[in-house]
There are 2 protein chains.
Amino acid sequence: MTLKIAIAQTNFLVGNINANIDNIVNAAVHARDALGADMIVFPELTITGYPAEDLLLRADFIAAANNALYQLADRITDIALVVGFPEQDGDKLYNSAAVLNQGAIIACYRKQALPNYGVFDEQRYFDAGQQACVFEFNGSFIGLTICEDVWQGGIIDASKQAGADILLTLNASPFNLGKSHQREAIICKQVKAAQIPLVYVNQIGGQDELIFDGASFVTDAQGGIVFRAVEFQAQISVVEFNNNHPLKSSCAPLYSGIVGVYNALVLGIKDYVRKNGFQGAILGLSGGIDSALVLALAVDALGADKVEAVLMPSRYTQTMSIDDALLEADALGVKHHTIPIGPAVDAFTGMLAGLFAGSARDTTEENIQARCRGVILMALSNKQGKLLLTTGNKSEMSVGYATLYGDMAGGFAPIKDVPKLLVYQLSRYRNSLSPVIPERVLTRPPSAELAPDQIDEDSLPPYDVLDPILERYVELDQSAEQIIAAGFRQEDVARAVSLVDRNEYKRRQSPPGIRITSRAFGRDRRYPITSGYKGI
Amino acid sequence: MTLKIAIAQTNFLVGNINANIDNIVNAAVHARDALGADMIVFPELTITGYPAEDLLLRADFIAAANNALYQLADRITDIALVVGFPEQDGDKLYNSAAVLNQGAIIACYRKQALPNYGVFDEQRYFDAGQQACVFEFNGSFIGLTICEDVWQGGIIDASKQAGADILLTLNASPFNLGKSHQREAIICKQVKAAQIPLVYVNQIGGQDELIFDGASFVTDAQGGIVFRAVEFQAQISVVEFNNNHPLKSSCAPLYSGIVGVYNALVLGIKDYVRKNGFQGAILGLSGGIDSALVLALAVDALGADKVEAVLMPSRYTQTMSIDDALLEADALGVKHHTIPIGPAVDAFTGMLAGLFAGSARDTTEENIQARCRGVILMALSNKQGKLLLTTGNKSEMSVGYATLYGDMAGGFAPIKDVPKLLVYQLSRYRNSLSPVIPERVLTRPPSAELAPDQIDEDSLPPYDVLDPILERYVELDQSAEQIIAAGFRQEDVARAVSLVDRNEYKRRQSPPGIRITSRAFGRDRRYPITSGYKGI
């Protein structure tokens, strides 16, 4: 007895129900006609996209999604569809998976485990399902589960006890560094314990802060991988089951950490630009490592012809910074402009001279320079309909080493969740593919160049000390005491922790960026601005 | 048998456990020694403040809160304390209320109803309690409940069935227009049904977006109000119970809608400035109604000597705007400066002339003006440590009629949740106390003055049409179809709805503001930026 199940690792647009339905139909036709599939399985909440956030509170949106599902059943025959949708039942809403076959809904499962931590808010929207769902199809008994369900042991077991021979899992499981390995390890362990083959279908694509990496897979009943889809790419594949045993098929490799992060960042930029209808992207190119990396990412995501770089030197910009920025733009074949900021800075200085007379120079004057650059970049973005990319990294976002409305101005912040040390690693990785960032940019001390002879280390611990402290404080919720006990100097910990504590107001106004760690600033870390908490 | 219960309507700082403990002790000593109270009841999560958000995920913070509670029991005798705290029990966390008496914890209740909608995320942090808690004190049987618990019927009933003669409720119930009336109506109805007197203690104060209005009250078993604390003020009062019946005491009136909102806005500004340690506030004064109202609110909150106004005229600023702005500053006795933006605008125009040659004038040039103002205001804010208040209203935030990093630049947005029509009502109310806003400002057509002879109605429906459409779409989640069916013109609805849909990216980077409606932008309305949803 043979069953061919197609894995639809798809990239859908949140909120666009009609387009998503068309994509479902096209994928199903392809799976049926070109791949000979009997059934096609889509990711979690296929019809609405994931996460649709508070769109799920709109009655019109939910009604449209439910109507779309019922109509979908009539649009395609001779292949069964397993699709996710927000199921309305009276005043309850479920995160459900329906099986459509020959014009009928033959099964419907309601997700039982609703994650409400980290980036997830599913208990804000959904009621929890209470039972397993197993349906018969071409002689096989197939169980349905959704994402979080299979991270816990009990729900897989319950499905098997309800008679399932094969388990399907619809997912919207977001990427972070190491996640694809972790995900497979945990789920294969559950599968092995329960002794049931599992088809794991994950969506791919960028959605605001989140990247879905795909890496869909099929395991046999012993937890052995027999199929794996390519990470970070849409892909429709088919796996054949013989008497409920999956046959060995293609297995794309999982990317290593750095390569995975690089690909995630490229996909994130590409999808944010494409899904939001921008004409391309622009960015300020300083000659520093951060903007060099963002330029390379943007070109890899969009193509050189869609990216524009702007050099905005001031009196504090070193000649080598300008030289290096020009080398970067040329190496990638990107159009670039040079607009010295002197005239605007001088204008503001003159306008404020009266009020500032007698007061000492401080960060105010540095911020004015950064904000003049922000005005120029936003003007170019507005005029051309190109997305302004900011170039700040996670280390800077953590400690507030950035200017609100200055270098923080922009629509999207690709490396906002990338700590500085990882910026270097990613840059070296990119240079290993083709040399695009001058070696000097990788070796000279980082500087904001907003004051004479300024370098980052004047006001911050060195990054090889700062980054591990930040990881412990921000991502792992360790206390200052614990971090010091782990061997860091008290003064470095105190400096880092107090800067993180008091810069929440800046982060709150930063553009969204791509989440690549286990805890990004944004939906993932929700701190009060007004707070008497002192980590040290 | 007499029992004197003190109602501690307090204003605590989120995250500052030590300060909160000291405040608890001071309030308890006052209640015991000056008011003769036998017991004092504090608001929900007294020790940490509410909402502490993801601070609640930090093990060090939770441990400190639990330790603080245990030590608190020893710090005061001869009065019982009822305080809220995040109770750690193994790997579970509860939103709890403990009763401390003579050095011991004599009862501890775990909140059963955990709100996870609107601005609330309690299921992100807490596990739900499962049972009622009734304790004996001086011969009375007293039941404990926390906030959401008493909005539902069952939990009050269960407490009564468990033997409670009197019910205590610890709350952190945020304000919105009409909320204090709604809150009393609903809870008194529950009380009447259950026939049990209830002591309702709410916190007061501003916490980022949220205002807690207090309006604590005591009802008799028939749901009749026998005591009410003043709204928007800290107050410790005592109510005497005789054989479990509360005696009539002082009843402050509830404010009407407009007055309540005005007081909420004043409290919000005051607490944001105070709790975040600013030296005062500055704002741009345009001569329009929005900045006029924000100026009055800031002065009422902080005093005229703490507020500074900046006029930044351009070639498009009408003389009457300058005149009116000066009248406003003078009427309130506020220091003001005039900094024409011409030099900066000209500098940017010159710097961009080459790149913009041949392209038509559009909103880019308007945005440059707004952003020059943003740079000036932020420079003054940075130099003086004063909070920059933005002056945009909810109608503008809804449709994106504002410039990112321009008039949206600032640390706090007091009227961000106030629709334009309500801005007028609040201004008239303020003028009824003393004339501070010139009549002409209330009657001339609103204009951004960023282009010749520009008025808002050139690009938006009139506000008496726009505001009701926005309320239906944003606050009530009505569909465009429903709004049109209610009598609005299709083209007005289409314009408003499509502008709301596509300006989420701007709102995401706006400063926090004070929530005064039933749904504010921010934590309350979580929409994706990347979205194919079209409301029309």
For A:Thr349, state whether it is more than 7 Å from every other protein chain (Cβ to nearest Cβ) and in contact with a Gly (Cβ under 8 Å, 6 or more places away or on another chain). no
The number of residues in region A:51-82 that are at the interface with another protein chain (Cβ under 7 Å from one of its Cβ atoms) and surrounded by fewer than 17 Cβ atoms within 10 Å (Cβ to Cβ) is 2
Any residue at all in region A:18-35 that is surrounded by fewer than 18 Cβ atoms within 10 Å (Cβ to Cβ), farther than 15 Å from A:Tyr125 by Cα and among the polar types (S, T, N, Q)? yes
What pairs come up if the first residue lies in region B:267-279 and is at the interface with another protein chain (Cβ under 8 Å from one of its Cβ atoms) and surrounded by 23 or more Cβ atoms within 10 Å (Cβ to Cβ), the second is of a type in the set (Val, Ile, Thr) and assigned to a helix (DSSP H, G or I), and their beta carbons are under 8 Å apart, counting only those six or more places apart or on different chains? none
Among the residues of region A:496-536 satisfying the criterion of being in contact (Cβ under 8 Å) with a residue 40 or more places away in the chain and part of a helix (DSSP H, G or I), which is surrounded by the most Cβ atoms within 10 Å (Cβ to Cβ)? A:Ala496
Could you please find all residues in region B:445-474 being out of contact with any helix residue (DSSP H, G or I) (no Cβ under 9 Å at 6 or more places or on another chain) and buried (at least 19 other Cβ atoms within 10 Å of the Cβ)? B:Glu471
Name the single residue, out of those in region A:331-344 being away from chain B (no Cβ under 14 Å) and part of a helix (DSSP H, G or I), that is least open to solvent (accessible area, probe 1.4 Å). A:Leu332
Within region A:312-324, tally of residues that are within 17 Å of A:Ala370 (Cα to Cα) and surrounded by 14 or more Cβ atoms within 10 Å (Cβ to Cβ): 8
Can you confirm whether A:Lys386 is more than 10 Å from every other protein chain (Cβ to nearest Cβ), surrounded by 23 or more Cβ atoms within 10 Å (Cβ to Cβ) and either over 30 Å from A:Val436 (Cα atoms) or modelled with pLDDT of 95 or more (or both)? no
All but one of (1) of a type outside the set (Lys, Arg); (2) surrounded by fewer than 24 Cβ atoms within 10 Å (Cβ to Cβ); (3) more than 14 Å from every other protein chain (Cβ to nearest Cβ); (4) not in a loop (DSSP other than H, G, I, E, B) hold for B:Val261, so report the exception by its number. (2)
Please pick out the residue among B:Ser321, B:Ser286, B:Ser291, B:Ser359 that is among the small types (Gly, Ala, Ser) and within 14 Å of another protein chain (Cβ to nearest Cβ). B:Ser359
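Table: residues versus (1) in contact with a Cys (Cβ under 8 Å, 6 or more places away or on another chain); (2) not aliphatic (A, V, I, L, M).
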residue: B:Tyr125; (1), (2): no, yes
residue: B:Val134; (1), (2): no, no
residue: B:Gly143; (1), (2): yes, yes
residue: B:Ile156; (1), (2): no, no
residue: B:Ala172; (1), (2): yes, no
residue: B:Gln190; (1), (2): no, yes
residue: B:Gln203; (1), (2): no, yes
By residue number, the members of region B:406-433 that are touching a residue at least 60 places away in the same chain (Cβ under 8 Å) and hydroxyl-bearing (Ser, Thr, Tyr) are B:Tyr424, B:Ser427, B:Tyr429
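Residue-wise test of (1) in contact (Cβ under 8 Å) with a residue 60 or more places away in the chain; (2) part of a loop (DSSP other than H, G, I, E, B).
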position	(1), (2)
A:Val294	yes, no
A:Ala309	no, no
A:Pro313	no, yes
A:Ala329	no, no
A:Asp346	no, no
I need the strands (runs of 3 or more DSSP E) fully contained in region A:1-110, keeping only those with at least 2 residues that are under 25 Å from the mean Cα position of the chain (by Cα). A:2-9, A:80-89, A:92-101
Select, from B:Val418, B:Val399, the only residue that is open to solvent by less than 20 Å² (accessible area, probe 1.4 Å), within 16 Å of B:Arg507 (Cβ to Cβ) and touching a Leu at 6+ places or on another chain (Cβ under 6 Å). B:Val399
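The values are calculated or read from the model by the stated rules, or taken from the named source; none is laboratory data. Just so we're clear, the structure is a prediction, and the values are computed from it rather than from any experiment. Positions of Cβ are generated from backbone atoms using ideal geometry, with glycine treated the same way; all protein chains shown enter the neighbour counts. Areas reflect the complete protein model, heavy atoms only, side chains present, ligands, DNA and RNA absent. Shrake-Rupley method; radii C 1.70, N 1.55, O 1.52, S 1.80 Å.
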